[in-house]
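Notes follow the structure.
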Amino acid sequence: MFTYNINGKASRHFTYANLINCGSTAQLHQIENLPKQPDTWRALSALATKLLDPIVDRFGPITLTYGFCSPELARLIAKNPNPHIAPQLDQHCSHETNKNQKIICDRLGAACDFTLLNSPAGTPIDMQQVAAWICEHLKFDRLYYYGKDRPLHISIGPQMNQFIQTMKTNADTGHRVPSKKGRGLTAFSVIKQVDY
């Protein structure tokens, strides 16, 4: 039988608890937001090792704003008027299954959202610069960019598509609207073109 240690090290800089307990909804509703699939635990470790550790090494400590999402947590978040989640697409559910034992997100892998609140000098870090560095130096599956002062979404997965999607927030509705996108060699040029 598979066993896990939520307080165990997922990577050099992160425990599994860091990647699982970083969202406010699970804490607010006191639900157990734990992965049930061994592949999810492995994917979370790969996400932290291959993406988050190098980002910390380059920019300093990061703040995780949304990490692993169990099916129970996804149902709770979906009740919000503007939930901003897509469990079948966003890889936060990783390798977890629904009530019918069907994989929730066929993209597999794992995802998290993060921000860097301050640079060592005490000035805000421009998340566009972070996204550009990621596009130029790291191998990832998907990166969603929401703005210079908004968290980034980053994922790993079997495909490792190097896909970037920039998103704008509609000022009237609060809904996120897809903007520029690119893959592979064009990902870097796409992130350099945005002006928000």
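The values are calculated or read from the model by the stated rules, or taken from the named source; none is laboratory data. Being a predicted model, the structure only gives us computed values, none of them experimental. Don't worry about glycine lacking a Cβ; one is built from the backbone with ideal geometry, like all the others, and counts go over all protein chains shown. Only protein heavy atoms, including side chains, enter the accessible area calculation; ligands, DNA and RNA are left aside. Shrake-Rupley method; radii C 1.70, N 1.55, O 1.52, S 1.80 Å.
The table that follows gives values for the structure above.
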| item | result |
| --- | --- |
| Some residue of segment 100-108 being open to solvent by less than 30 Å² (accessible area, probe 1.4 Å) and closer than 30 Å to residue 136 by Cβ | yes |
| Residues of segment 81-99 that turn out to be surrounded by fewer than 19 Cβ atoms within 10 Å (Cβ to Cβ) and either without any contact (Cβ under 8 Å) to a residue 12 or more places away in the chain or at positive phi (or both), as a count | 4 |
| Members of segment 52-63 found to be surrounded by 15 or more Cβ atoms within 10 Å (Cβ to Cβ) and modelled with pLDDT of 95 or more, listed by number | 52, 53, 54, 55, 56 |
| Within segment 78-196, strands (runs of 3 or more DSSP E) holding 2 or more residues that are among the small types (Gly, Ala, Ser) | 110-115, 176-183 |
| Tally of residues being assigned to a helix (DSSP H, G or I) and of a type in the set (Ser, Thr, Tyr) across segment 52-68 | 0 |
| Test result for residue 49, assigned to a helix (DSSP H, G or I) and modelled with pLDDT of 90 or more | yes |
| Condition met for residue 16 (modelled with pLDDT of 95 or more, aromatic (Phe, Trp, Tyr) and within 15 Å of the chain's Cα centre (by Cα)) | yes |
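Here's the yes/no breakdown for (1) surrounded by 13 or more Cβ atoms within 10 Å (Cβ to Cβ); (2) in contact (Cβ under 8 Å) with a residue 24 or more places away in the chain; (3) touching a strand residue (DSSP E or B) at 6+ places or on another chain (Cβ under 9 Å):
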residue: 137; (1), (2), (3): no, yes, no
residue: 142; (1), (2), (3): yes, yes, yes
residue: 147; (1), (2), (3): yes, yes, yes
residue: 151; (1), (2), (3): yes, yes, yes
residue: 155; (1), (2), (3): yes, yes, yes
residue: 165; (1), (2), (3): yes, no, yes
residue: 183; (1), (2), (3): yes, no, yes
residue: 189; (1), (2), (3): yes, no, yes
